[in-house]
Amino acid sequence: MTDNFFDMAKVKKAWFCTSCGNESPKWMGKCPACGEWNTMVEEIVSKEADGGVTSRNRSFLQTQNTKPLPLSSIDSGRENRIMLGNSELDRVLGGGIVEGSLILIGGEPGIGKSTLSLQIPLTCNHLKTLYVSGEESARQIKLRGERLGGNHDNCLVLSETLLENILAQTKETAPQLLIVDSIQTIYSQNIESSAGSVSQVRECAASLLRLAKESNIPVIIIGHITKDGSIAGPKVLEHIVDVVLQFEGDTRHSFRILRSIKNRFGSTAELAVYEMTGSGLKEVLNPSEMFIPMHGEDLSGIAVAAMLDGTRPFLIEIQALVSTAAYGTPQRSATGFDVRRMNMLLAVLEKRAGFKLSQKDVFLNMAGGLKVSDPACDLAVVASILSSNFDVSLSQRTAFAAEVGLSGEIRPVGQIEKRITEAAKLGFSRIFISSFNKVPAPVLQNSGIEVVAVANIPQLVKAVF
Ligand code: TYD
Ligand code: MG
């Protein structure tokens, strides 16, 4: 046998599912793990037959001397958290960043991931941070830093794509926080496939996790998002990390939302709002004020929903346009709202309340490029559609918070007190809710807002128009 034979033997190839990261020794049309079709790609996994980081049976969390302990004897002492000085981000993380945790921030290109991740070390000058960029040169980072108006010695910058170098530099500089922008641009020498491939992304993330757990340095990694909205690279990436934050928003608008979609150290119901300005991202501390109308007059087709995203109440303007269909098939389109849900609400209006909408074009839009999923917006959607249909404006000082059921009943929603109080705080004079919602008497008496309870669509129409 020649040396060459051994070289050959060292090359390990495998098929990976680009959707879920499942590894398979041979090609398959359908991934057995996630059931997706045509997602398997072949990749060279490792040059070394043994000791390669990809070896599946070696857990990266394993240390030599781990022994099982009785649960009762384990010290539950609270995890150490570092405040980043960016109050919105700290809140979304559940009260600062936990030492030794791995955080993934995902988002579409141009949404502001690099801006946010560079703003962290710039605002947080008490923290020694290593900012690694695989996308920009040190000069470009400096220029961005100047635009963001920050500069100090505790912020170390490294333009590097080789994982092994990043790990070595981290060891040498011993930062208190490591930021890697982005996971898709870095690669490990041990793996043959190109940067951004399933196995590279997975192994680089696993190495960074090991670094975080062993050195206790929190690590933030930036991840790109594919067209269908999932974080590029395997789903496994989301399983590996402790926290997944998603940065979203419409790049044509200036608002950005940072949403927690997984958090091992806090709630996933949190969300932060930022505004992209000429000098970086600014925290929006009172989001309601941004999303409610500022028109001088009352316009038809507009209603305000008191929605809840995360634990925070929000008031948002919903706009509808109903017009007679010019062509045979009416058009239905919704921006920021699920179009199937809108169609369901239209069917309810047609069947349960007798409104003839089947020959009408209906367009729906959420103000500020926001995406909403709170069912409490239903009532405002219905009200805006009816307002546009009748061409009668609603009072700008009226808000809505209720779900609409299939039989046309108006259903209660959670945390109604918060919604009422928020609407009152913003100067609304009336709020429509479901008559099945129990509102504590003190809220009713002290909030200074008229609470109108309705049970079905006809009651709503009677009370509003
Ligand atoms: P960037 O952080 O590079 O996005 P990502 O890393 O997610 O791809 O930011 C993208 C956009 O933000 C870019 O189009 C320019 C804009 N921007 C501002 O409006 N103000 C600023 O201060 C900065 C730095 C960027
Ligand atoms: Mg970037």
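The values are calculated or read from the model by the stated rules, or taken from the named source; none is laboratory data. Just so we're clear, the structure is a prediction, and the values are computed from it rather than from any experiment. Note that each Cβ is placed from the backbone with ideal geometry, even for glycine, and that neighbours are counted across all protein chains shown. Please note that ligands, DNA and RNA were not included when accessible areas were found on the heavy atoms of the full protein model with its side chains. Shrake-Rupley method; radii C 1.70, N 1.55, O 1.52, S 1.80 Å.
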Name the pairs whose Cβ atoms lie under 6 Å apart, with the first residue in the stretch 248-268 and within 14 Å of Gly369 (Cα to Cα), the second surrounded by fewer than 17 Cβ atoms within 10 Å (Cβ to Cβ) and of a type in the set (Gly, Ala, Ser), and 6 or more positions between them or separate chains? Thr251/Gly110
Please go through (1) open to solvent by less than 60 Å² (accessible area, probe 1.4 Å); (2) outside any strand (DSSP E or B); (3) free of Cβ contacts under 8 Å to residues at least 60 places away in the same chain for Leu130 and return the number of the only condition it doesn't satisfy. (2)
Is one or more of the residues making up the stretch 136-153 surrounded by 19 or more Cβ atoms within 10 Å (Cβ to Cβ), touching a residue at least 24 places away in the same chain (Cβ under 8 Å), out of contact with any helix residue (DSSP H, G or I) (no Cβ under 8 Å at 6 or more places or on another chain) and farther than 23 Å from Ala206 by Cα? no
On the given criteria, is Glu409 open to solvent by 30 Å² or more (accessible area, probe 1.4 Å), within 26 Å of the chain's Cα centre (by Cα) and within 23 Å of Arg341 (Cβ to Cβ)? no
Boolean, Ser194 is more than 16 Å from ligand 2 (Cβ to nearest atom), at pLDDT below 90 and under 18 Å from the mean Cα position of the chain (by Cα): no
Output the residues belonging to the stretch 264-281 that are open to solvent by less than 20 Å² (accessible area, probe 1.4 Å) and more than 16 Å from ligand 2 (Cβ to nearest atom). Leu271, Ala272, Val273
For residues that are open to solvent by less than 50 Å² (accessible area, probe 1.4 Å) and either within 16 Å of ligand 1 (Cβ to nearest atom) or not aliphatic (A, V, I, L, M) (or both), scanning just the stretch 155-166, find the one that is farthest from Ile191 (Cα to Cα). Cys155
Val132 versus (1) more than 13 Å from ligand 2 (Cβ to nearest atom); (2) modelled with pLDDT of 90 or more: which is the lone unmet condition? (1)
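Residue-by-condition table, conditions (1) aliphatic (A, V, I, L, M); (2) part of a helix (DSSP H, G or I); (3) under 20 Å from Ser117 (Cβ atoms):
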| position | (1), (2), (3) |
| --- | --- |
| Glu164 | no, yes, no |
| Ala168 | yes, yes, no |
| Glu172 | no, yes, no |
| Leu178 | yes, no, yes |
| Thr185 | no, no, yes |
| Asn190 | no, no, no |
| Ala195 | yes, no, yes |
| Glu203 | no, yes, no |
| Leu209 | yes, yes, yes |
State which residue is nearest to Val244 (Cα to Cα) when the search covers only the stretch 274-289 and only residues that are within 16 Å of ligand 1 (Cβ to nearest atom) and either at pLDDT below 75 or assigned to a strand (DSSP E or B) (or both). Tyr274
Checking Leu158 against (1) free of Cβ contacts under 8 Å to residues at least 60 places away in the same chain; (2) outside any loop (DSSP other than H, G, I, E, B); (3) within 13 Å of ligand 2 (Cβ to nearest atom), only one condition comes out false. Which one? (3)
Of all residues in the stretch 331-360, which are part of a strand (DSSP E or B) and either out of contact with any Phe, Trp or Tyr (no Cβ under 9 Å at 6 or more places or on another chain) or under 28 Å from Lys418 (Cα atoms) (or both)? Ala334, Thr335, Lys360
Of all residues in the stretch 105-124 being open to solvent by less than 10 Å² (accessible area, probe 1.4 Å), assigned to a helix (DSSP H, G or I) and among the aliphatic types (A, V, I, L, M), the one that is farthest from ligand 2 (Cβ to nearest atom): Ile120
Restricting the stretch 185-229 to residues that are hydroxyl-bearing (Ser, Thr, Tyr) and open to solvent by less than 10 Å² (accessible area, probe 1.4 Å), the one farthest from Asn22 (Cα to Cα) turns out to be Ser188
Got a number for residues in the stretch 94-104 being within 15 Å of the chain's Cα centre (by Cα) and open to solvent by less than 10 Å² (accessible area, probe 1.4 Å)? 2
Scan the stretch 279-293 and tell me whether some residue there is of a type outside the set (Val, Ile, Thr), more than 18 Å from the chain's Cα centre (by Cα) and under 18 Å from Lys113 (Cβ atoms). yes
Among the residues in the stretch 419-436, are any buried (at least 17 other Cβ atoms within 10 Å of the Cβ), in the same structural domain as Leu349 (by TED's automatic domain parsing), over 17 Å from Leu346 (Cβ atoms) and touching a Gly at 6+ places or on another chain (Cβ under 8 Å)? yes
